[in-house]
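The block underneath contains the structure these notes are about, expressed in structure tokens.
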Amino acid sequence: MIRTLAPRLVVSATLAGLLAACSSEAPADAPAAAAAEPAVIEERQDNFEAIGDAFKAVRGELEKDAPDFTLIAAKASDINTRAAKIEDHFPAGTSVDDGFDTEALAAIWQKPDDFKAAAQKLVDESAKLASLAGEGDKAAVGAQAMTMGGACKGCHDNFRLDDKK
């Protein structure tokens, strides 16, 4: 009898645990801020991290005597695709001033036209880089990579918290 009950108890306990894990309610001891942080903040941080990784790959190729221009074009295209998403990743109420773990300054929403223009500049400059990479001219690609990096810096200078000061 005990042998037949043991598997049933294990199954019952497992099911109870799964149901508790799937519950939509947060545990009573869960921090309120973590539950309230919009998913878009993580999405935009992931997007920017991927842009940074792609730009590092471009710079790494340009340090070589014979860069892989196909890779540079692919990374620039990835940056371009991701840059087009930037504006949508900043809904109102998701700045550092709103209490979230982010570097997004309120200036994004205070100067929306400037922010939109800065994001568009990265879209434009990354498209130029992807196009130039197809021509295989290291000097031209290097100069455009610097210009694209300037687009990143311009946005960071105006719309991103510099917590390293």
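Every read-out reported here was derived from the displayed coordinates using simple, explicitly stated rules and does not represent laboratory data. Quantities reported herein were computed from a predicted structural model and do not represent experimental measurements. Note that each Cβ is placed from the backbone with ideal geometry, even for glycine, and that neighbours are counted across all protein chains shown.
In what sequence do 62, 122, 132 fall when counting other Cβ within 10 Å, fewest first?
62, 132, 122
For the range 120-126, putting each phi into the Karplus relation 6.51 cos²θ - 1.76 cosθ + 1.60 with θ = phi - 60° gives couplings of 5, 4, 5, 4, 5, 5, 6 Hz, in residue order, rounded to whole numbers and with x for Gly and Pro. Let me know the shape class of the range 39-92, please: from the alpha-carbon gyration tensor, a ≥ b ≥ c as square roots of the eigenvalues, rounded when a/c is under 1.5, otherwise prolate if a/b is greater than b/c, or oblate. Here the range 39-92 falls in the prolate category. Full extension of the chain segment joining residue 42 with residue 124 gains 27.1 nm, where the gain is 0.36 nm per residue of separation less the Cα-Cα distance.
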